[in-house]
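The values are calculated or read from the model by the stated rules, or taken from the named source; none is laboratory data. Computed from a prediction, not measured in an experiment: that's the story for all the values here. Neighbour counts run over all protein chains shown; Cβ positions are idealised from the backbone, glycine included. Surface areas here come from the heavy atoms of the whole protein model, side chains and all, with no ligands, DNA or RNA. Shrake-Rupley method; radii C 1.70, N 1.55, O 1.52, S 1.80 Å.
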Amino acid sequence: MRNYKLKIFWFLIGYFLIGISFVLKYAWGWAVPLLLLAVFFLIVFIRLLIRKGNLNLYGVLGISFLLLLVALIRPFSDLKLEAGHGFYKEQFETDQDDRMMLKKILFSSAQEQVMIRDSIRLSHIKVKDSLGLIIDPLDQYYAAMIYHHGKSLADVERALELATAAFDQGIARADFLKRASYDRIQIRKGKKQKFGTQF
């Protein structure tokens, strides 16, 4: 009976963490939720190994330290700034990858590096935008995400325009970005946010 209750407990904890992860995803991107889920499943996996006698406490600590070390020393991916097919998608993917880096959460130097990389991405997107080349709805969504991480109010206002255009043309995932950009504009103007997306 006790084992049955423990299984239900871990099952509910797992579902709770998955739910929390999707909530946190909208606040901080995927970095924190994925970290939470990874820690949870690592704990469950380690408990199973310990109970079966296949792993001791030193093994657990060793594996945990190794995983943490790998996460911390993983380098930032190369910025792909060459014009061509898939340019906007590549900017979007490196932008999101930067925000999933564990060291970005823990170290201010890594946060500064992400800000520099954001500026580089944005400058290239602005060149394309000034030439009127952001036409495809999906490209508008990708570009909107880069603008959303810009430093100025004008950048976020452009993010809202592009996200709205993308959403109106059938890109459903642009809806959250549209709301987040609106809230960010409100906050930068010293007003209250409407959708509660900014933390």
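Considering only region 116-135, state which residues are in a loop (DSSP other than H, G, I, E, B) and either under 12 Å from D95 (Cβ atoms) or without any contact (Cβ under 8 Å) to a residue 12 or more places away in the chain (or both).
Within region 116-135, L131, G132, L133, I135 qualify.
If A159 satisfies every condition in (1) within 30 Å of K191 (Cα to Cα); (2) open to solvent by 20 Å² or more (accessible area, probe 1.4 Å); (3) among the small types (G, A, S) but one, which is the exception?
Among (1) within 30 Å of K191 (Cα to Cα); (2) open to solvent by 20 Å² or more (accessible area, probe 1.4 Å); (3) among the small types (G, A, S), the lone unmet condition for A159 is (2).
Within region 96-126, track down each residue that is under 23 Å from T164 (Cβ atoms) and at pLDDT below 95.
Q96, R99
Among the numbered criteria (1) assigned to a helix (DSSP H, G or I); (2) more than 21 Å from D175 (Cβ to Cβ); (3) among the charged types (D, E, K, R), which single criterion is violated by K151?
Going through the list (1) assigned to a helix (DSSP H, G or I); (2) more than 21 Å from D175 (Cβ to Cβ); (3) among the charged types (D, E, K, R), K151 breaks only (1).
Taking the stated definitions as given, is K191 outside any helix (DSSP H, G or I), without any contact (Cβ under 8 Å) to a residue 40 or more places away in the chain, among the charged types (D, E, K, R) and farther than 19 Å from L79 by Cβ?
Against the criterion (outside any helix (DSSP H, G or I), without any contact (Cβ under 8 Å) to a residue 40 or more places away in the chain, among the charged types (D, E, K, R) and farther than 19 Å from L79 by Cβ), K191 qualifies.
I need the full set of residues from region 154-172 which are over 24 Å from S119 (Cα atoms) and either part of a helix (DSSP H, G or I) or not aliphatic (A, V, I, L, M) (or both), in order please.
Within region 154-172, F167, D168, Q169, G170 meet the criteria.
Quick check on this structure: which one of Q140, Q113, Q186 is farther than 30 Å from P75 by Cα and either assigned to a helix (DSSP H, G or I) or of a type in the set (D, E, K, R) (or both)?
None of the other options fit; the residue is Q186.
Go through region 76-95 and report how many residues are over 14 Å from S123 (Cα atoms) and modelled with pLDDT under 75.
Summing the residues that are over 14 Å from S123 (Cα atoms) and modelled with pLDDT under 75 in region 76-95 gives 1.
What residue, among those in region 93-108 that are of a type in the set (A, V, I, L, M, F, W, C) and open to solvent by 30 Å² or more (accessible area, probe 1.4 Å), is nearest to D136 (Cα to Cα)?
Filtering region 93-108 for residues that are of a type in the set (A, V, I, L, M, F, W, C) and open to solvent by 30 Å² or more (accessible area, probe 1.4 Å), the one nearest to D136 (Cα to Cα) comes out as M100.
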